[in-house]
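Visitor: Below are the structure tokens for one structure; questions will follow.
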Amino acid sequence: MEGRLAVEALIDSEFFQTGSLFIEEGRHESLLERARAKGLDCQLLSREEIAGEAGFPFHRGVFATAKRPEPIAPADEAWSSFSKILVPVNLADGGNLGTLIRTAVAFGCDAVLLEHGKGTDVYSRKCIRASATAIFRVPVFQVENRQDTLAQLKREGVSCYATALESESVSPREVVLTDRSAILFGPEKDGLTPEVLAACDACISITMEQGMDSLNVAASGAIVMYEIFGRSSQ
């Protein structure tokens, strides 16, 4: 985790276990005091030494390591507490995944559900950076079977919305909002599978002009989550 804001969010997170902090001498003194007060391992290094630890030219003055969270599914009693759920499906790019998580958290998302072993690594450096500290603020779960998870959400009374260019798709503004919702985003090339679409309550698409039929998944995610998660908070 690189930079003051990311490291501050890390050491305050209930979802990560901080390892060590590497801080450039003479910089980020208030962060150093906070970290030491928490009993964290802090190493003061010169600029050359901290770049050597990072493995590349490094000028942000502080980075930290953390233990990779174990892939866990939600506990049985946790499902009823989720109201705004992001469900990225097999996304290949860490930047897109991290940006989706960032947007989701900004609109009040309280859970991210991934399928274990599928898609890009949610804890990659690229994804963490793109999340802009959001990944430290929301529980990220990794379930074993996506279809079983959708069935579980439906049993819990969660409305599931697929994003797809289908003949029956509706604008996100046409969706009648419920108290609890999950939004599924698939990979840009192949989209969501017919099985996933059939398991959802509705398909959502964004009207486009001038022959365009797709947006980057992070861009479309921002629009859809603003309309679904954002409107439900108003």
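Bear in mind these aren't lab numbers, they're just calculated from the coordinates by the rules spelled out. Here the structure is a predicted model, which means the values were calculated and not measured. All Cβ positions, even for glycine, are placed from backbone atoms using ideal geometry, and neighbour counts span all protein chains on display.
Visitor: At a Förster radius of 45 Å, what calculated FRET efficiency corresponds to the Cβ-Cβ distance of Glu144 and Glu209, to the nearest 0.05?
Guide: So, using R0 = 45 Å, E works out to roughly 0.65.
Visitor: Continuing with the same structure: For each cysteine in the chain, check whether another cysteine's C-beta sits under 4.7 Å from its C-beta; list those where none does.
Guide: So far as the 4.7 Å Cβ criterion goes, Cys42, Cys109, Cys127, Cys203 stand without a partner in the chain.
Visitor: Now for a separate question. Restricting to DSSP loop positions (anything but H, G, I, E, B) with no more than 16 other Cβ atoms inside 10 Å of their own Cβ, which GluC sites (Glu not before Pro) remain in region 94-191? Display every interim value, and only then the final one.
Guide: On the way: sites: Glu115, Glu144, Glu156, Glu166, Glu168, Glu174, Glu188; in loops: Glu144, Glu156, Glu166, Glu168, Glu188.
Loop-located and lightly packed - Glu144, Glu156, Glu166, Glu168, Glu188.
Visitor: Taking the Cα centre as origin and putting +1 on Lys and Arg beta-carbons and -1 on Asp and Glu beta-carbons, what dipole magnitude results for region 30-127, to the nearest 20 debye? Could the numbers behind the result be given before it?
Guide: Details: 12 positive and 12 negative charges, 61 e Å.
Once rounded to the nearest 20, the dipole reads 300 debye.
Visitor: Region 139-193: which trypsin sites (Lys or Arg not before Pro) are DSSP loop and have at most 12 other beta-carbon atoms within 10 angstrom? Write out the running numbers ahead of the final one.
Guide: Details: sites: Arg146, Lys154, Arg155, Arg173, Arg180, Lys189; in loops: Arg180, Lys189.
Loop-located and lightly packed - Lys189.
Visitor: Contact order normalised by length for region 4-67, with contacts defined as Cα pairs under 8 Å and 6 or more residues apart; what percent is it?
Guide: On the way: 88 pairs, mean separation 29.4, N = 64.
Worked out over region 4-67, it gives 46 percent.
Visitor: Right, another one. Expressed as a whole number of Å, what is the distance separating the alpha-carbon centroids of region 127-168 and region 171-234?
Guide: Rounded to whole Å, the Cα centres lie 12 Å apart.
Visitor: To continue, here is another question. For Ile228, Ile135, Ile11, what ranking results if the residue with the fewest other Cβ atoms within 10 Å of its Cβ goes first?
Guide: Values: Ile228 22, Ile135 28, Ile11 19.
Sorted ascending by nearby Cβ count, the order is Ile11, Ile228, Ile135.
Visitor: Can you give me the Kirkwood hydrodynamic radius for the chain, using every pair of distinct Cα atoms, in Å to one decimal? All intermediate terms of the calculation are to be shown ahead of the outcome.
Guide: Values: mean 1/r = 0.0527 Å⁻¹.
So the Kirkwood estimate lands at 19.0 Å.
Visitor: Before anything else, pin down the relative contact order of the chain: Cα pairs under 8 Å, at least 6 apart, normalised by residue count, whole percent. Before the final figure, lay out the partial values.
Guide: Values: 424 pairs, mean separation 47.0, N = 234.
Result for the chain is 20 percent.
Visitor: Once the Cβ-Cβ distance between His59 and Ser20 is put in as r, and R0 is 22 Å, what FRET efficiency do you end up with, to the nearest 0.05? Before the final figure, lay out the partial values.
Guide: Numbers: r = 19 Å, r/R0 = 0.88.
Efficiency for this residue pair is about 0.70.
Visitor: Considering the dipole of region 1-141 built from charges on the beta carbon (Lys and Arg +1, Asp and Glu -1) around the Cα centre, which of Tyr123, Gly98, Gln43 is farthest to its positive end?
Guide: The residue sitting most towards the positive pole is Gly98.
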